[in-house]
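The values are calculated or read from the model by the stated rules, or taken from the named source; none is laboratory data. All of these numbers come straight from a predicted model, not from anything done at the bench. Please note: Cβ atoms are built from the backbone with ideal geometry, for glycine as well, and neighbour counts cover all protein chains shown. Areas reflect the complete protein model, heavy atoms only, side chains present, ligands, DNA and RNA absent. Shrake-Rupley method; radii C 1.70, N 1.55, O 1.52, S 1.80 Å.
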Amino acid sequence: MKWLDQLHKDWMAARKRRVTDALQPFRRDWDQLLEDAGITSAEDQQAALREAQRTPHLRLVPRKRNPRYIDKIIVPLDSEAWLHEQFGTQPGAAARQQALDVVRAWSAKTHPLMPEMWAALCERLEAAFTIPRVLEPFRWLEPARVDELLSLLFQITSREWPAGTLIRDASSQLGHSSKHLESQQSFIERALEALFDRETPLEAIGIQTSHSTLHYCGPLVLHFADHSKPLDLRYESTLSVAELEGASHITTTAQRLLTVENRKTTFPQLARADAQRTTLIVATSFPTQAVRLLMEKLPPDLPRYHFGDTDPSGWDILRRLREIAHVPVQSIHMHWRPSAHATPLTQRDHQILGRLLEDPHMADCHAELQAMQTSGTKGDFEQESLGTPNLTAWPFYR
C-alpha cells in the first residue's frame, strides 16, 4: 500500500530522533498524503480510502463541513508499536540503547596499541549518544553501522602497518575483500579523526591510497615531459595524485613552501593573510602521497617550513615531513606552551616522544620536546590557540 509506505516514511521522519514518548498522536493531511505517495487517479484514491478504512490501527477524520471526504489520517499513540512492526523499524529510544550497548561492548575491549585513546573515544561516544547526538561518522540511529565502524577502526589501529602498505593489501590482511577498505575510506578516515582528535588520513598509519588530494594556495606551475604547455595554477585549489604524477617537475614563483597541519581553520586563515602570494601554502597532517609527490617535484633549493600543533603527534608530523623531503624542513611558530588546563600525556604520547627524542633529525627540537616531557602534559598545543594571523605577510605572526 503506497499510502501506508508514505505515512510510515513521514511518521519516521517526525519520530525517529525522539528518545522520549510522544505526547500527541501523529497526523497527516489525507489529500496531501495521497499526492506525496503518487496516488492521483480517482480510482486509486478510492481504493486507498477503502484500505485505510479497513486498517483498525489508524483513524480517519472526516471534514467538518463535508463528512463524505477525509480531512486527516491519524496514528494513535497506542498504534505506534504496530506501525514499527509492519515495517521492521524501531523507536529512537531503542536505537539509542542499542548504540550505547555497542559502544559499551567495544569499551570493554583493551586496545593493544592505544588503550587510553580507545577508552577516551568510547567515553565520548557514550556521552554523545546519551544526549543523544551524532559524533561523525558514528550515528546513534544506526547501531549496526556503529558496530561495523568501531570494528574496522579497532582492526586497522591494532597493528603497525609498514609505511606504503597498499590499501587493497591491508584490506585482505584484515580478512575483508580487497576493495572493502577503499569503499569505506572516507568513513574510516573520519573515524581515525575522532580517535586521534586530528585530521588523520590512512597514510598517517602507513596505508597508501590512490585517493590522496593536495590542498594548496599559491602559485604553482606543472611541467610535463612531452613539452606540452605548462599548467599555470595561481589560486587556492586541489590537485589529485594522478595530476601530480603526470608532471615531470613543478615550479613556483613563491619564495618558500609552508605546510600547515590544520586544514579547516589555520590553512584558510594563512591563505587569506598571504595577499602577495609569496608563500606556497599546503595543508597536510601526516604527509600523504600527494604531499610526497609535491615535495619530490619542487625545486630542492626552495626553503621549506612546517607549522603544526605542538603535542607529540604534531611534532611527529614534522619528523615524517623531514623524512620524505630529503631537504631541510624548518619548524615555525612551534613552541611548547604551558597551560593550567593542559591534557596529560598518554601512554602513546610518551611512546612518540621517546621516538622523537631518539631521532637525530629532530635534534633541533629537543628543547621543546623535553619541556613537554618534563611537564607531563601536552601544554597549549593547538595551532588555533595562536588566533588569526596578525601580519599580512610572512611570517604571519609577530
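Would you point out the residue of region 302-317, among those that are assigned to a strand (DSSP E or B) and aromatic (Phe, Trp, Tyr), that is surrounded by the fewest Cβ atoms within 10 Å (Cβ to Cβ)?
So, considering only residues that are assigned to a strand (DSSP E or B) and aromatic (Phe, Trp, Tyr), the one surrounded by the fewest Cβ atoms within 10 Å (Cβ to Cβ) is 305.
Residues in region 133-152: is at least one open to solvent by less than 40 Å² (accessible area, probe 1.4 Å), part of a loop (DSSP other than H, G, I, E, B), in contact (Cβ under 8 Å) with a residue 60 or more places away in the chain and not assigned by the TED database to the domain that holds residue 348?
There is no residue in region 133-152 that is open to solvent by less than 40 Å² (accessible area, probe 1.4 Å), part of a loop (DSSP other than H, G, I, E, B), in contact (Cβ under 8 Å) with a residue 60 or more places away in the chain and not assigned by the TED database to the domain that holds residue 348.
Scan region 330-337 and tell me whether some residue there is modelled with pLDDT of 95 or more, of a type in the set (Val, Ile, Thr) and open to solvent by 20 Å² or more (accessible area, probe 1.4 Å).
There is at least one residue in region 330-337 that is modelled with pLDDT of 95 or more, of a type in the set (Val, Ile, Thr) and open to solvent by 20 Å² or more (accessible area, probe 1.4 Å).
For residue 173, only one of the following conditions fails: (1) modelled with pLDDT of 95 or more; (2) open to solvent by less than 10 Å² (accessible area, probe 1.4 Å); (3) not aliphatic (A, V, I, L, M). What is its number?
Result: residue 173 fails condition (2) only.
Identify all residues within region 88-107 that are within 17 Å of residue 20 (Cα to Cα) and open to solvent by less than 30 Å² (accessible area, probe 1.4 Å); write none if there are none.
Passing the criteria: 92, 95, 99, 100.
Could you check how many residues of region 108-120 are open to solvent by 50 Å² or more (accessible area, probe 1.4 Å) and either over 19 Å from residue 158 (Cα atoms) or in a helix (DSSP H, G or I) (or both)?
1
Kindly provide the set of residues from region 192-212 that are part of a strand (DSSP E or B) and within 15 Å of the chain's Cα centre (by Cα), ordered by number.
None - no residue of region 192-212 is part of a strand (DSSP E or B) and within 15 Å of the chain's Cα centre (by Cα), so the list stays empty.
Under the condition of being polar (S, T, N, Q) and in a helix (DSSP H, G or I), which residue from region 5-33 is farthest from residue 99 (Cα to Cα)?
Going through the qualifying residues, I end up with 32.
Filtering region 13-38 down to residues that are modelled with pLDDT under 95 and aliphatic (A, V, I, L, M), which residue is surrounded by the most Cβ atoms within 10 Å (Cβ to Cβ)?
Selected residue: 19.
Pick from region 271-284 the residues that are within 27 Å of the chain's Cα centre (by Cα) and not basic (Lys, Arg): which of them is surrounded by the fewest Cβ atoms within 10 Å (Cβ to Cβ)?
Out of the qualifying residues, it is 273.
Output the residues belonging to region 374-383 that are surrounded by fewer than 19 Cβ atoms within 10 Å (Cβ to Cβ) and under 11 Å from residue 349 (Cβ atoms).
376
Conditions tested, residue by residue: (1) under 29 Å from residue 17 (Cα atoms); (2) in contact with a helix residue (DSSP H, G or I) (Cβ under 7 Å, 6 or more places away or on another chain); (3) part of a loop (DSSP other than H, G, I, E, B).
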residue: 122; (1), (2), (3): yes, yes, no
residue: 128; (1), (2), (3): yes, no, no
residue: 156; (1), (2), (3): no, yes, no
residue: 172; (1), (2), (3): no, no, no
residue: 182; (1), (2), (3): no, yes, no
residue: 187; (1), (2), (3): yes, yes, no
residue: 214; (1), (2), (3): no, yes, no
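Can you work out which of the residues in region 189-238 that are modelled with pLDDT of 85 or more and aromatic (Phe, Trp, Tyr) is surrounded by the fewest Cβ atoms within 10 Å (Cβ to Cβ)?
Within region 189-238, the match that is surrounded by the fewest Cβ atoms within 10 Å (Cβ to Cβ) is 224.
Could you tell me whether any residue of region 34-44 is hydroxyl-bearing (Ser, Thr, Tyr) and free of Cβ contacts under 8 Å to residues at least 24 places away in the same chain?
Checked against the condition, which is being hydroxyl-bearing (Ser, Thr, Tyr) and free of Cβ contacts under 8 Å to residues at least 24 places away in the same chain, region 34-44 yields at least one hit.
I need the full set of residues from region 101-125 which are touching a Ser or Thr at 6+ places or on another chain (Cβ under 7 Å) and among the charged types (D, E, K, R), in order please.
Hit for region 101-125 is 116, nothing else.
What's the number of the only condition in (1) closer than 24 Å to residue 206 by Cα; (2) outside any helix (DSSP H, G or I); (3) not polar (S, T, N, Q) that residue 333 fails to meet?
Condition not satisfied by residue 333: (1).
Of the residues in region 345-368, how many are part of a helix (DSSP H, G or I) and over 14 Å from residue 113 (Cβ atoms)?
Of the residues in region 345-368, 14 are part of a helix (DSSP H, G or I) and over 14 Å from residue 113 (Cβ atoms).
Please indicate, with yes or no, whether at least one residue in region 332-352 is of a type outside the set (Gly, Ala, Ser) and at positive phi.
yes
How about region 59-87: which of its residues are free of Cβ contacts under 8 Å to residues at least 40 places away in the same chain, open to solvent by less than 70 Å² (accessible area, probe 1.4 Å) and not in a helix (DSSP H, G or I)?
Correct list: 60, 61, 62, 66.
Among the residues in region 77-87, are any touching a Ser or Thr at 6+ places or on another chain (Cβ under 9 Å) and not assigned by the TED database to the domain that holds residue 344?
Yes, region 77-87 has at least one match.
With 268, 299, 287 as the choices, which residue is open to solvent by less than 50 Å² (accessible area, probe 1.4 Å), in a loop (DSSP other than H, G, I, E, B) and modelled with pLDDT of 90 or more?
After applying the criteria, what remains is 299.
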